[in-house]
């Protein structure tokens with residue numbers, strides 16, 4: 001980081017901040033790639049309802065500072081072509097033996113008209129000049145480690161170099177047979193089809209580790225997707241059963257069709273009169289295209305306007321605008337967005353809940369991070385027999401889901417809707433490399449989800465994403481405090497079971513609610529706010545509460561072959577880290593940091609080093625009391641070294657001196673290796689609270705008064721709950737109580753801990 005000449009602190013801080021604020025958000029992406037795809041649903045016999053016969057033309061502009069004579073492609077659908085694929089092999093190694101044989105495949109020919117043709121592509125143009133006779137480029141499938149017969153990475157050698165800034169156009173026919181609803185994609189029910197990662201998609205040609213090359217890894221069991229921004233025009237020719245009723249929407253006047261896509265419908269569908277119709281979609285400044293159809297969808301459109309109730313929060317708008325140094329008008333989202341809901345008939349009762357979650361998401365994400373730039377957002381409620389396609393994000397379209405059997409006061413489908421919409425910002429607009437660093441999108445989305453849930457709904461019974469699943473109860477990002485209730489409600493708890501969450505599977509969980517009885521003692525029983533999650537998630541729960549489990553965030557995501565480990569590393573751990581940083585940094589500074597991070601990297605491909613530099617630029621000079629926070633050290637410990645954070649109130653002594661005075665000694669211990677500034681509170685018997693700040697570098701902090709006229713009655717470490725990484729909060733307080741209360745307190749404490757141990761043990765089944 002460049003050295004900056006010193007001056008008045010406030011002026012220096014403002015100059016640094018102002019210099020990094022974009023004058024306005026970018027209106028478009030670099031548009032590296034342009035796809036034109038014609039799709040016809042066809043095929044024969046059993047595969048007819050899930051076979052896509054396609055013609056694809058792709059124009060790619062070289063964005064790097066080096067030439068290339070080859071293109072690398074992701075062909076994700078081939079993960080289901082053989083049991084020896086990387087994806088299926090890794091999943092079997094994790095004990096999943098019920099996976100299919102050859103459920104889906106992609107081949108580079110039209111299997112109906114030319115089943116014997118060799119796989120190849122056509123080189124149509126080079127630097128904008130068409131070939132009179134397009135050369136044919138052979139298709140080469142890249143074998144993986146161990147010789148796995150994997151066809152999820154394809155190479156085409158061009159024979160001609162594409163210089164920096166140059167372009168090449170490729171054309172080919174391909175047939176994609178989608179699997180039955182499995183791992184986010186496929187067919188289910190009568191006519192339900194969810195087409196995601198269905199077309200050959202170019203990798204990213206970029207600089208990495210000092211070298212320029214193609215970033216195009218095979219489809220691993222626990223990886224997601226990475227691609228460049230561009231435009232898509234997709235023509236879908238489908239059976240006319242998907243024309244729907246043809247009735248106009250009461251909100252926008254458009255004809256309603258049970259067809260959803262990542263783009264905008266350019267015109268009403270064309271009915272060919274032969275049992276088919278064509279829908280033409282266009283999407284710009286996105287890095288993927290997904291679509292879905294179901295003749296039974298209930299379709300509804302509504303328009304989001306930020307200035308309309310119930311979205312508008314004037315006080316919050318004023319606060320955010322002040323933090324950014326902007327007017328409220330320049331801060332509040334102003335764009336109208338068409339909200340499209342494709343709903344299963346059996347979930348009709350959840351229509352308003354879905355739209356409520358969409359509206360709140362558009363408002364809060366737009367206010368905090370910048371305006372949603374697209375004209376539409378489509379939320380898909382998947383069919384019950386295709387639930388494995390639920391809970392997943394794509395640009396301008398995502399799948400939600402309804403959790404049956406919930407307590408009436410839990411928020412479903414709001415929680416999953418907010419989370420998956422959040423990926424429109426973290427993944428969709430900030431397009432990080434999910435293969436290597438999924439935490440940049442999943443962690444940021446988990447953190448943001450918790451914020452939206454608590455801003456929009458009652459936090460005591462919200463639904464938020466933790467550990468890759470969801471739970472009812474307090475957000476894990478909330479400061480634990482003491483709620484109200486009765487002993488019966490506290491001890492009874494409630495139990496729910498989730499639907500099948502695909503590769504996660506169904507999860508059952510219990511939540512115990514805190515009560516006023518907890519005011520009698522200072523420790524927090526682990527079962528009070530957190531669920532005991534079955535199906536092997538106990539370790540994941542522990543990992544969410546401590547920083548010593550799992551891997552450093554610097555470990556590439558595609559190398560995490562354990563589902564539980566990925567969920568901790570990608571979701572809960574970075575979310576807790578972000579919330580910890582926010583509480584240490586202060587609301588105003590953190591608001592600026594997050595807003596400018598999104599604005600600076602909108603339509604970009606940030607890496608962890610970019611976020612590190614951003615934090616150092618925006619958090620410089622922040623302190624806890626009189627102790628400055630070393631953010632470079634915080635980053636190294638949280639991201640690279642996976643240090644353990646654990647502070648404890650160790651001792652509180654009042655020694656009588658015999659003359660109505662006392663020798664007071666308080667000790668706090670650092671039991672982990674993570675060093676970070678923290679607050680310490682000492683409460684005196686007259687009610688005064690004394691606040692001390694400690695840099696946390698030594699192993700012991702000592703406060704001592706040799707002669708005090710009063711006794712200390714409480715010692716608390718991190719009273720504001722800033723340090724969410726603290727491995728154990730049950731030792732953060734020492735409370736000296738009157739002798740008459742001790743027996744009663746010990747009895748209650750013993751009972752609660754026995755209950756907590758039984759509760760925890762039950763989660764291990």
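The values are calculated or read from the model by the stated rules, or taken from the named source; none is laboratory data. The structure presented is a predicted model; accordingly, all values stated were derived computationally and were not measured. Neighbour counts are summed over all protein chains in view; Cβ atoms, including those assigned to glycine, are modelled from backbone coordinates with ideal geometry.
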Checklist line | Every residue from the range 609-623 that is touching a helix residue (DSSP H, G or I) at 6+ places or on another chain (Cβ under 8 Å) and part of a helix (DSSP H, G or I) | finding: 611, 612, 614, 615, 616, 617, 618, 619
Margin query: Which of the numbered conditions does residue 66 fail, given that it passes all the others? Conditions: (1) at pLDDT 95 or above; (2) under 22 Å from residue 223 (Cβ atoms); (3) surrounded by fewer than 16 Cβ atoms within 10 Å (Cβ to Cβ).
Written below: (2)
Checklist line | Residues of the range 178-201 satisfying the condition of being surrounded by 21 or more Cβ atoms within 10 Å (Cβ to Cβ) and in a strand (DSSP E or B) | finding: 182, 185, 186, 187, 188, 192, 193, 194, 195, 201
Notebook entry, point to check: Which of the residues belonging to the range 125-146 are at positive phi and either touching a helix residue (DSSP H, G or I) at 6+ places or on another chain (Cβ under 8 Å) or loosely packed, with under 13 Cβ neighbours inside 10 Å (or both)?
Noted result: 128, 146
Next item on the list: Identify the single condition in (1) within 24 Å of residue 587 (Cβ to Cβ); (2) touching a strand residue (DSSP E or B) at 6+ places or on another chain (Cβ under 6 Å) that residue 293 does not satisfy, given that it satisfies every other one.
Entry: (1)
Checklist line | Wholly enclosed strands (runs of 3 or more DSSP E) of the range 332-395 bearing at least 2 residues buried (at least 23 other Cβ atoms within 10 Å of the Cβ) and under 19 Å from the mean Cα position of the chain (by Cα) | finding: 376-380, 392-394
Next item on the list: Report those helices (runs of 4 or more DSSP H) wholly inside the range 519-608 carrying at least 2 residues which are modelled with pLDDT of 85 or more.
Entry: 573-585, 587-600
Check: For residue 165, which of the numbered conditions (1) outside any strand (DSSP E or B); (2) under 25 Å from residue 219 (Cβ atoms); (3) under 36 Å from the mean Cα position of the chain (by Cα) fails to hold?
Finding: (2)
Margin query: Being farther than 30 Å from residue 231 by Cα, touching a residue at least 12 places away in the same chain (Cβ under 8 Å) and out of contact with any strand residue (DSSP E or B) (no Cβ under 8 Å at 6 or more places or on another chain): is that true of residue 316 here?
Written below: yes
Check: Can you find even one residue in the range 260-280 that is farther than 24 Å from residue 194 by Cα, touching a residue at least 40 places away in the same chain (Cβ under 8 Å) and surrounded by fewer than 21 Cβ atoms within 10 Å (Cβ to Cβ)?
Finding: no
